[in-house]
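Just below is one structure, and these are the notes that go with it.
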Amino acid sequence: MNNIVFGKYIPLDTPIHRLDPRAKILAMLVMLVAIFIPAGWTGYVVLALAISFVVKVSKIKFKVIIRAFRPLIFMMCFLLVVNILSVKQGQLLVDIGFVKIYADAIFNTLYIIIRLFLMIMLTTILTMMTKPLDLTLGIEYLLGPFKRIGVPAHEIAMMISIALRFIPTIIEETIRIMNSQKSRGVDFEEGKLKEKITAVVSLVVPLFSVSLQRADELANAMEARGYVPDAQRTRYRRLHYVRRDYILLVGAILILLAMIALALFL
Amino acid sequence: MAIKFEKLSYIYSPDMPYATKAISDIDLEISEGKITAIIGKTGSGKSTLIQHLNALLLPSSGTLTIADFTITSDKKPKGLKALRRKVGLVFQFSEYQLFEETILKDVAFGPKNFGFSEEEAIARAKEALGLVGLDESYYERSPLDISGGQKRRAAIAGILAIDPDIIVLDEPTAGLDPRGTKEMIALFSALNKKLHKTIILVTHDNEIVYESADEVVLLEDGKVVCKQDAHSFFEDRALLKSHAIIEPKIVKLKDLLMDKGLKLDNIYSIQDLAVALGGNHE
Amino acid sequence: MVLYMGIMKNVVEVKDVYFAYEEDNDALKGVSFAVEKGTYTTILGHNGSGKSTIAKLISGLLVAKSGEILIDGEILNERSIESIRRKLGIVFQNPDNQFIASSVREDIAFGLENYCVDPEKMDAIIERYAALVDMKDKLEKEPTNLSGGQKQRVAIAGVLAMQPQIIIFDEATSMLDPKGKEEIKKTIHDLHSDRALTIISITHDIEEALNSDYVIVLNDGKLYKSGRPEDTFKDKEGIEAIGLDIPFTYKVAFALKEKGIMIRDVAKIEDLAEEIWRSSLKN
């Protein structure tokens, strides 16, 4: 269950928490673009410093972020192997007969790993420091201008917020059904392939039918309280940009520009 | 199949700052062949306690002995399957465990998992469905197409088909209508009296406890307050009052009448009361 | 057929309503009844008797196959549904499946948003109704940190915030523990104390029915009986035959009658004890 906790909101009160979710989402997008600009090692040092500064302000322990990275270790190793087998450029580092490792293979992998690591750091900061509800509200506001070209911004936000609201409920439900089936002799950890499939079916089918029932009841409750998907409605929570939000956005854009400059002139 | 908890504690998320002791230092023996009700407020540790009976949770400390099975904080308990065959757990809203295409197949699922042959599993399923009062006409129906009360009974049959010696039922009457509730009480009473199953009943409904249980275990804040004979438990007014336990209605009426000066003894049901009072008149 | 032609106005009228979830299998087979304004009416019936279907029809979540439903004198149909919905709130059975937002405050706001209430005014409304159900100190809580009874109280506040005339409770206490049940029953009772609201409660709780103004009993999609609770529960055999129960005090009175002890039917155990004690003095 630990993987599910990854990126989970931490209710603290830091400057990052207080930022407008729209500013945070936009800044993150700008930074993601910056990460993908090939600005060499200097660029990565700049980015790493900038992101580390945010982490420092956010009071999250680095350990927690490293933990979020852990599920990806397997992928990293896989990448490394693929790179070693396919990249045949740069200085030859190791040569043991059939295995030849070139410097570029290592560098390429490192580049990807660093990019991934920075990206995960960014998204983790965003989700840990922003209430899920604020996040969806931010998305809704940001998608607002696209309503004219048919993007159902409000519906998307409503779907995300309901999904987020029901995650804990569904986890609870999953545990309960798993326990019921364990009592009926199902072994979720071991067994032959056929047994494993039955085990999964015995969990997924009830979970699916309960979720459908929930969805039906939830739809009734929403309708009874006057919700009509495409109708006009007011919003209780509204967002306002303040000074710190502009500072964040300007900062992010400056870093992006710096990266572009580095890529062009170095 | 005696059940014995010794100094058993369970802590949720022990490594986290918000670790909570769900149950602590449980010393408890549950008698064989009886109906034992476990009562207590929501959050008193009832469901944590019963999950140990199937090693779904392993104790943080202490031991649980069920016949020749011993469960400790040891990570990999041996003989899990054999234990789960002996102790059947019927969870709250158990109807949500149904998943096969037909009711018969669903009920036979348990026995098959425990290594019975297809024919034997089907035979056991048929027997179990008979016990819960679902006749042949239900065998080939989808478990999703029957009423809530019938689903509940099909789910219980799924456990009965495994033929466990001990049957644990968590809120088996929740959401049932009065008739469904009566049938459920009749079912587990029959399992106890006729098939000599040990029944452990977790419920909030003290009327059901008073009507059907032999013994009562009261949990509060993860600790056992007492374990007592059901009738004497509900007659201990001071105890009920200090733990805010709702008296069964018949007990309340009897207490009120005795306070007014009527002499009443051995009143456990409306019928007992009618006989006692009627006797005075004749 | 209108059952209670009093001076009071009928706020809900159900006239010969049929409904089927699947063809050739009517869940409701011609049900008629009326609910007077400001009363507390309970609807009883075994599971599958059609009680919840009635609640969904009245609140316009389902549409009847035939027959007519009038809310506050207005015929319920596609055109009137929006205005009718503002007069009527419903609290469902499952506390989890009607908690839509991620905090108490925002869940109460949900209905207000749908009715385009000015956001500036929402806080005052939210706080007023949260206080009414005794949840004012838990406004920032998330649903996972609330008990079933608390979630149901939030649902009630959410409904109240829309200022309906009628509130339907569709087995709203059946999934709660005794404490939660008591909380909700007390909340409903308090809400009804000034008789401004009409309450319709679909329930298995016989004692709640006994304390209500009127009881409507459904059986297999038909109206079995309706009237004042004290009259309804006199029919012990009939009520038990359709899978329901009669109140404890009535059961005792019946058992005593069989032994030749005649006492009056009363609702409270305390009064029952008084009755029995008095009758014992006479002998």
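The values are calculated or read from the model by the stated rules, or taken from the named source; none is laboratory data. No experiment lies behind these values; they were computed from the predicted model shown. Ideal geometry is used to build each Cβ from the backbone, glycine not excepted, and the neighbour counts take in all protein chains shown. What goes into the accessible areas is simple: the full protein's heavy atoms, side chains included, and nothing from ligands, DNA or RNA. Shrake-Rupley method; radii C 1.70, N 1.55, O 1.52, S 1.80 Å.
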Exercise. Picking from A:167, A:197, A:175, which residue would you name as being among the β-branched types (Val, Ile, Thr), more than 14 Å from chain B (Cβ to nearest Cβ) and either surrounded by fewer than 13 Cβ atoms within 10 Å (Cβ to Cβ) or within 28 Å of the chain's Cα centre (by Cα) (or both)?
Worked result: A:167
Problem set entry | Selection status of residue B:128, more than 14 Å from chain C (Cβ to nearest Cβ), within 30 Å of residue C:25 (Cβ to Cβ), modelled with pLDDT of 95 or more and open to solvent by less than 20 Å² (accessible area, probe 1.4 Å) | yes
For this session: Show the residue pairs that are 6+ apart or on different chains and have beta-carbon atoms under 7 Å apart, the first residue being within the stretch C:194-214 and within 14 Å of another protein chain (Cβ to nearest Cβ), the second being part of a helix (DSSP H, G or I) and crowded, with 17+ Cβ neighbours inside 10 Å.
Result: C:202/C:51; C:202/C:52; C:202/C:55; C:203/C:209; C:204/B:178; C:208/C:185; C:209/C:229; C:210/C:229
Exercise. Is it true that some residue in the stretch C:232-243 is touching a helix residue (DSSP H, G or I) at 6+ places or on another chain (Cβ under 6 Å), not in a loop (DSSP other than H, G, I, E, B) and not β-branched (Val, Ile, Thr)?
Worked result: yes
Problem set entry | Those residues of the stretch A:132-146 which are at pLDDT 85 or above and not β-branched (Val, Ile, Thr), in sequence order | A:134, A:135, A:137, A:138, A:140, A:141, A:142, A:143, A:144, A:145, A:146
For this session: Using the structure shown, decide if residue A:233 is over 19 Å from residue C:60 (Cα atoms), of a type in the set (D, E, K, R) and open to solvent by less than 60 Å² (accessible area, probe 1.4 Å).
Result: yes
For this session: Working carefully through the options B:95, B:29, find the one that is open to solvent by 40 Å² or more (accessible area, probe 1.4 Å), acidic (Asp, Glu) and out of contact with any Leu (no Cβ under 6 Å at 6 or more places or on another chain).
Result: B:29
Exercise. Limited to the stretch B:255-275, what total is found for residues that are under 19 Å from residue B:233 (Cα atoms) and more than 10 Å from chain C (Cβ to nearest Cβ)?
Worked result: 5
Problem set entry | Total residues in the stretch C:33-68, condition without any contact (Cβ under 8 Å) to a residue 60 or more places away in the chain and assigned to a strand (DSSP E or B) | 4
For this session: Please determine, by comparing only the residues of the stretch B:206-261 that are among the β-branched types (Val, Ile, Thr) and farther than 19 Å from residue B:189 by Cβ, which one is most open to solvent (accessible area, probe 1.4 Å).
Result: B:246
Problem set entry | For residue B:121: the one exception among (1) farther than 28 Å from residue B:182 by Cβ; (2) part of a helix (DSSP H, G or I); (3) open to solvent by 10 Å² or more (accessible area, probe 1.4 Å) | (3)
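One line per residue, one yes/no per condition, for (1) without any contact (Cβ under 8 Å) to a residue 40 or more places away in the chain; (2) part of a strand (DSSP E or B):
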residue	(1), (2)
B:55	yes, no
B:70	yes, yes
B:76	yes, no
B:89	no, yes
B:109	no, no
B:112	yes, no
B:116	yes, no
B:130	yes, no
B:137	yes, no
Problem set entry | Filter result (of a type outside the set (D, E, K, R), in a helix (DSSP H, G or I) and either farther than 21 Å from residue C:52 by Cβ or open to solvent by 20 Å² or more (accessible area, probe 1.4 Å) (or both)) within the stretch C:166-186 | C:178
Exercise. Assuming residue B:62 fulfils every condition listed in (1) small (Gly, Ala, Ser); (2) more than 10 Å from chain A (Cβ to nearest Cβ); (3) open to solvent by 40 Å² or more (accessible area, probe 1.4 Å) apart from one, which condition is it?
Worked result: (3)
Exercise. Given the structure, is residue A:218 more than 12 Å from chain B (Cβ to nearest Cβ) and part of a helix (DSSP H, G or I)?
Worked result: yes
Seminar exercise, completed: Flagged in the stretch C:61-110 as small (Gly, Ala, Ser) and touching an Asp or Glu at 6+ places or on another chain (Cβ under 8 Å), in numbering order, are C:66, C:67, C:80, C:83, C:101, C:102, C:103
Problem set entry | Selection from the stretch C:21-57 of residues that are over 19 Å from residue B:179 (Cα atoms) and either aliphatic (A, V, I, L, M) or not assigned by TED's automatic domain parsing to the domain that holds residue C:78 (or both) | C:27, C:28, C:31, C:34, C:35, C:54, C:55, C:57
Seminar exercise, completed: Per the filter on the stretch A:83-102, residues surrounded by 14 or more Cβ atoms within 10 Å (Cβ to Cβ) and outside any loop (DSSP other than H, G, I, E, B) are A:83, A:84, A:100, A:101, A:102
Problem set entry | residue C:259 being within 20 Å of the chain's Cα centre (by Cα), at the interface with chain B (Cβ under 9 Å from one of its Cβ atoms) and surrounded by fewer than 19 Cβ atoms within 10 Å (Cβ to Cβ) | no
Exercise. Got at least one residue in the stretch A:47-70 being among the small types (Gly, Ala, Ser) and at positive phi?
Worked result: no
Exercise. From the residues in the stretch C:46-103 that are open to solvent by 50 Å² or more (accessible area, probe 1.4 Å) and of a type in the set (Asp, Glu), which one is nearest to residue C:114 (Cα to Cα)?
Worked result: C:82
For this session: Return the pairs, sorted by first residue and then second, in which the second residue is in a loop (DSSP other than H, G, I, E, B) and not small (Gly, Ala, Ser), the first residue lies in the stretch A:33-54 and is assigned by TED's automatic domain parsing to the domain that holds residue A:114, the beta carbons are less than 9 Å apart, and the residues are 6+ apart or on different chains.
Result: A:39/A:266; A:40/A:266; A:42/A:266; A:43/A:37; A:43/A:266
